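Trainee: A single structure is presented below for examination.
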Amino acid sequence: MGVGEHKKEPFISLNPFGQVPALEHGDLKLFESRAITQYIAHENHEKGTQLLCQGKQMAIVSVWMEVEAQQFEPAASKLNWEIFFKPLFGLTTDAAAVEENEAKLAKILDVYESRLAQSKYLAGDSFTLADMHHLPNLHLLFVTQSKKLIESRPHVSAWAADITARPAWAKVLAMQKN
Ligand SMILES: N[C@@H](CCC(=O)N[C@@H](CS)C(=O)NCC(=O)O)C(=O)O
């Protein structure tokens with residue numbers, strides 16, 4: 001990305017929007033991270049943690065995957081951009097955008113707080129892709145002032161501590177460092 005290769009061939013044939021990530025598996029070409037994670041989870045359903053479910057339970061997983069994509073991600077990624085990434089790139093944080101998106105995220109996390117008071121994970125008693133999709137933005141929020149929005153909600157806080165402590169996530173962070 002640093003040299004703009006994601007906007008040119010051969011990458012643009014994998015993702016015509018010129019964005020990361022993309023996946024090539026045999027003759028299958030995929031883009032959109034959530035479609036990629038669902039494919040990988042389906043392909044590997046016989047090994048490791050079951051990240052998807054069957055029947056009605058899968059419908060609940062889909063609901064919370066949509067909530068992450070449509071509600072949580074827009075507010076959380078905007079905060080991470082303003083507070084975490086902009087200073088790294090020598091840009092100035094927009095305080096009004098931070099205030100607006102903290103207010104949005106607070107309302108969204110109120111819904112999460114109610115949900116997580118009823119079940120340990122978003123889609124029920126076990127960890128699924130719906131929880132997993134939150135990890136990248138959640139991880140960054142913890143190193144911003146917006147972590148107060150998580151820490152002030154006991155069930156959200158316990159859920160966030162649980163999912164960020166998973167050994168598989170520790171492996172991802174170790175890969176990022178390398
Ligand atoms: N909805 C897409 C978003 C992809 C996305 O925003 N990718 C960023 C990096 S995380 C990117 O490629 N940015 C460079 C650009 O848009 O030119 C997904 O979930 O895969």
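The values are calculated or read from the model by the stated rules, or taken from the named source; none is laboratory data. Keep in mind that this is a model prediction, so the values were computed, not measured. Neighbour counts run over all protein chains shown; Cβ positions are idealised from the backbone, glycine included.
Trainee: Among the residues of segment 3-17 satisfying the criterion of being in contact (Cβ under 8 Å) with a residue 12 or more places away in the chain and outside any loop (DSSP other than H, G, I, E, B), which is farthest from the ligand (Cβ to nearest atom)?
Mentor: Ranking the candidates gives SER13 first.
Trainee: Collect the residues in segment 18-68 that are under 30 Å from ALA103 (Cβ atoms), within 15 Å of the ligand (Cβ to nearest atom) and among the polar types (S, T, N, Q), keeping them in residue-number order.
Mentor: Listed by number, the residues that qualify are GLN19, SER33, THR37.
Trainee: Out of PHE11, PHE72, PHE31, report the one residue that is in contact with a helix residue (DSSP H, G or I) (Cβ under 8 Å, 6 or more places away or on another chain), in the same structural domain as PRO136 (by TED's automatic domain parsing) and of a type in the set (A, V, I, L, M, F, W, C).
Mentor: Details: PHE11 fails: in the same structural domain as PRO136 (by TED's automatic domain parsing); PHE31 fails: in the same structural domain as PRO136 (by TED's automatic domain parsing).
Checking each option against the conditions leaves just PHE72.
Trainee: For segment 132-165, which positions are more than 14 Å from the chain's Cα centre (by Cα), among the polar types (S, T, N, Q) and assigned to a helix (DSSP H, G or I)?
Mentor: Across segment 132-165, the qualifying residue is only SER157.
Trainee: Look at GLN71 and say whether it is within 16 Å of the ligand (Cβ to nearest atom) and of a type in the set (S, T, N, Q). Reasoning before the result, please.
Mentor: Numbers: within 16 Å of the ligand (Cβ to nearest atom): yes; of a type in the set (S, T, N, Q): yes.
The answer is yes for GLN71.
Trainee: Please indicate, with yes or no, whether at least one residue in segment 28-45 is loosely packed, with under 12 Cβ neighbours inside 10 Å and part of a strand (DSSP E or B).
Mentor: For segment 28-45, residues loosely packed, with under 12 Cβ neighbours inside 10 Å and part of a strand (DSSP E or B): present.
Trainee: If you scan segment 46-61, which residues turn out to be surrounded by 12 or more Cβ atoms within 10 Å (Cβ to Cβ) and either free of Cβ contacts under 8 Å to residues at least 60 places away in the same chain or of a type in the set (Lys, Arg) (or both)?
Mentor: The initial filter retains those residues of segment 46-61 that are surrounded by 12 or more Cβ atoms within 10 Å (Cβ to Cβ), namely 49-53, 57-58, 60-61.
The one that is surrounded by 12 or more Cβ atoms within 10 Å (Cβ to Cβ) and either free of Cβ contacts under 8 Å to residues at least 60 places away in the same chain or of a type in the set (Lys, Arg) (or both): MET58.
Trainee: Six or more apart or on different chains, Cβ atoms under 7 Å: show the pairs whose first residue is in segment 74-85 and assigned to a helix (DSSP H, G or I) and whose second is among the basic types (Lys, Arg).
Mentor: Pairs that qualify, where the first residue is assigned to a helix (DSSP H, G or I) and the partner is among the basic types (Lys, Arg), are ALA75/LYS104.
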